[in-house]
Amino acid sequence: MKLKTRFCFCTSTVAGDDSNNFPATTSSSSSTSPASNTSLQSHLSLQTLPSVPSLQYFSLLDVSATVTVTHSLSCTLSLPSSISSLSLSFASSLLYVSSGHQINVYDSSTLSLLETFNSDGTSAGAVKSVTFSEGKIFSAHQDGKIRVWKLTASKKHKMVSTLPTLTDRLRRYPVPKNHVKVRRHKTRLWVEHNDAVSSLAVTNGKIYSVSWDKTLKVWGPKSLRCYESVTAHEDAINAVIVSTDGTVYTGSADGRIRVWAKKSGSEKKHSGIATLEKHKSAINALALNSDGSILFSGACDRSILVWEREDSAKYMVVSGALRGHNGAILCLINVSDFLISGSADRTVRIWRRGFEGKFCCLSVLTGHSKPVKSLAAKMEGEDGISVFSGGLNGEIKVWSLKINYSGSHDSG
C-alpha cells in the first residue's frame, strides 16, 4: 500500500597545551517572531524552544505547488532484539549495520546478508559508528578504541589494527607531556580515548572521532596515527560532522555545538572558532546540506534547529526550528536536498527546503515500535530515494520514496 502525505533529543584545550582561550561566541537569530501555536505540530515543542521561530509551512496552500513524496515500506530486516546500539552506513553497494558488538554486511540492492563479523568482540562493547577511508573500514567501540578492518581477497573482513596503534602508544609513552590526567589518580596518553567513541567522520584524508570523554581526535587513515586531540566540551560528545572545507562541528550533551577549523593553511592544529547555543538539552545528531552552507542539529528538546551562514555574520546563526516530532531527535541525514530525521517518537520525517527558505515535512514514515536510532539513504535515479531506518528493537525498515517535482518553487 502506498501512502501520500504532505505535512506542514566551556573551555577548550589542545592536548599538551595549557591555553584556555575558546571564544564564547553565541549564535542568535535576527528573527524574533515565533510561529503560531495553533498548529499541533508546532505546539508540541514550542514550550522547549520558545525563542526560536519556526521555519515550516503551516498551510497546504503554501506548498501546493512544490514537491510531493509518496512512500512505501519495501521490507523489514530483523536483527537480535534488545540491542544497546545501532548504526547504519553505506560503502558503495554494501550496507553496514552494526547491532550490539556485531557488524552485519548486506548487499544494499538485494538486501541479502553477506557477512557478520566481530561476532566474538563482546569485550569491546557495542559498535557505535562505522565509516570508510583509504580502502579500510573503521569501527568505533564502547571500550574507547577504533578498530580497523580490510576486505580480503575472499571478500571477508579482517581486523588489521586498533587505534591508537601499539607503535603510536610506545612512541609517545616516554615523554611526560604526552600523558594527561583522566581521573584523580589516573593518567592516559592523549592519543587514547578514555570512554566510548560515539561517532566518526571522514573528509579530506582525515578521520575525526568524538567520545563521551569530551574529546575530539584527528587520525590519519593511511598512517593510522593520532595527530591531534582537543578537549572540546564540558560533557559527553554525541555527534561530529565535517564540511568539505574542513570545518568541524561537534554536538554534545552539554547542549552546545562547537565549531573547529584551522585558521590558516599552515596551521597543524584545529582551533575553536565558535560556540552555537540555542538547544536546551543534549544534542544527539548533526547533518550538513550538500554544499555545507546549512547545518542541522537534533536534540532531546524535540526540535531540529537550522543554522545558516549569513553575509553579515562571521559564523553560522540559527535561522529557525523544524518541529513535529514528539520525542528526542536521535538521528539526522541529508541526501540531495532532503533532510531525514529519526526520533524517539518512533517516526521518520522527510523534510525539504522550499520557497523563501521555509521547510515542509513532505512525509512521515510510521511503523517502528521502538525509537529510531539510525538512518541511511541513497538516491535511486533522479526521483527516488531508498531510506533505511533502524529501531532499537533490532528492526531495519527499508522505505521506497518516490518524488514528484511538479512545483514551481525552488529549494533555495
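Odds and ends about this structure:
- Sequence-distant aspartates and glutamates (8 or more away, or on other chains) whose Cα lies within less than 14 Å of LYS278: ASP254, ASP301, GLU308
- Considering all different alpha carbon pairs of the range 86-277, the Kirkwood hydrodynamic radius works out to 17.3 Å.
- Point-charge dipole on Cβ atoms (K/R +1, D/E -1) for the range 86-277, about Cα centre, debye to 20: 860
- Cα lying deepest toward the dipole's positive end in the range 86-277, options CYS226, ALA236, VAL97, charges on Cβ: CYS226
- Given their separation in residues at 0.36 nm each and the Cα-Cα distance between them, SER290 and ASP120 gain 57.4 nm when the chain is fully extended.
- Placing +1 on the Cβ of every Lys and Arg and -1 on the Cβ of every Asp and Glu, with no other charges, gives the range 337-412 a dipole of roughly 340 debye about its Cα centre.
Laboratory data are not the source of any read-out in this text; all were calculated from the coordinates shown. Just so you know, these numbers come straight off a predicted model, no measurement behind them. Every residue, glycine as well, gets a Cβ built from its backbone with ideal geometry; the counts of neighbours run over all protein chains shown.
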